[in-house]
Amino acid sequence: MNLDFSQIVPSIPFILEGIGATLKFVSVSILLGLILGTIFALCKISNKKWLKWPADAYTSIFRGTPLILQLMIIHYAVPQLFQYDIPVFLSAVLAFGLNSAAYVSEIIRAGIMAVDKGQVEAAEALGVAYRPMMLNIILPQAIKNILPALMNEFISLTKESALVSTIGYLDIMRRAEIVGSQLYRNFEPLLFAGLIYWVMVFILSTIGRWVERRMRHSD
C-alpha cells in the first residue's frame, strides 16, 4: 500500500482551520432551521388552512428534493434571476437552514401532537391564551420528547455540511481536496478529514446524550 501520512503533516493546520468554518455555518444553519421549523410546525397544527397549506407545501418541496440540488439552485440559479452574486457563506446557510427547517418542523409538529390533550384543555379552562400556552406549556414538554430526534437532525446536518465544498466554501472537505490536489495524494488528506468529521459527530452525540439525561432527571 502506497500510503505516506507524513506528507500531509505540514498541511494539517490548513485542514484544521476548516473546523471553524464548518462549525460557523452549521451553527447559523441550525439556528435558522430551528426558528423556521418551529414557525412552520405551529402553522401545520393551525386550523387555518391559509397557514397550514403553505407550510405543508414547503416541507414537501424541501424534503422531496436533494439537498445538493437546493444548494446549487441557491448559489448558481438564484443569482441568474436577480443579478446578485450571492456569497458562498450565505448560500450555504440558506440551503442548509431552509432544508433543516423542513425536517425540524415535522419533528416539532410530532412532538406537539404527542403532548397530552388534557394539557391544552386545562390551559384553555384556566383562560390561558394560545401563544403563552404554546410557549410556556406545550413546547417545553414537546422539546423533551423530541430532543433525540433534534440531535439526530443536527448531527446529520454536520455530516452533510461537506456538500458545501462543491460550491467552493473552505470547509474541512474542501481544504482536504485542495491538499490532495497539491500533493497528488488524495487518500491521506481525505482520511484525515473523515477522522475530523467522526470526532465532531462523536462529541455532538455525547453532548446530546448528556443533555437528554439531564432533562430526563429533571422530570
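The values are calculated or read from the model by the stated rules, or taken from the named source; none is laboratory data. In this text the structure is predicted, and so the values were computed from the model without any measurement. Heads up, the Cβs are rebuilt from the backbone with ideal geometry, glycines too, and the neighbour counts pull from every protein chain shown.
Could you run through region 186-201 and say how many residues are touching a residue at least 24 places away in the same chain (Cβ under 8 Å), loosely packed, with under 15 Cβ neighbours inside 10 Å and among the small types (G, A, S)?
0
Can you give me the number of residues within region 144-185 that are of a type in the set (G, A, S), touching a residue at least 12 places away in the same chain (Cβ under 8 Å) and in a helix (DSSP H, G or I)?
Total meeting the criteria: 5.
Is one or more of the residues making up region 94-116 farther than 27 Å from P54 by Cα and either out of contact with any helix residue (DSSP H, G or I) (no Cβ under 6 Å at 6 or more places or on another chain) or free of Cβ contacts under 8 Å to residues at least 40 places away in the same chain (or both)?
No, every residue in region 94-116 fails to be farther than 27 Å from P54 by Cα and either out of contact with any helix residue (DSSP H, G or I) (no Cβ under 6 Å at 6 or more places or on another chain) or free of Cβ contacts under 8 Å to residues at least 40 places away in the same chain (or both).
Consider D116 carefully, then state whether it is touching a Pro at 6+ places or on another chain (Cβ under 8 Å) and modelled with pLDDT under 90.
It is false that D116 is touching a Pro at 6+ places or on another chain (Cβ under 8 Å) and modelled with pLDDT under 90.
Tell me, please, whether a residue that is within 23 Å of I143 (Cβ to Cβ) and not polar (S, T, N, Q) can be found in region 59-68.
yes
For region 1-28, which residues satisfy the criterion of being among the small types (G, A, S) and buried (at least 19 other Cβ atoms within 10 Å of the Cβ)?
Of everything in region 1-28, those that are among the small types (G, A, S) and buried (at least 19 other Cβ atoms within 10 Å of the Cβ) turn out to be S11, G18, A21.
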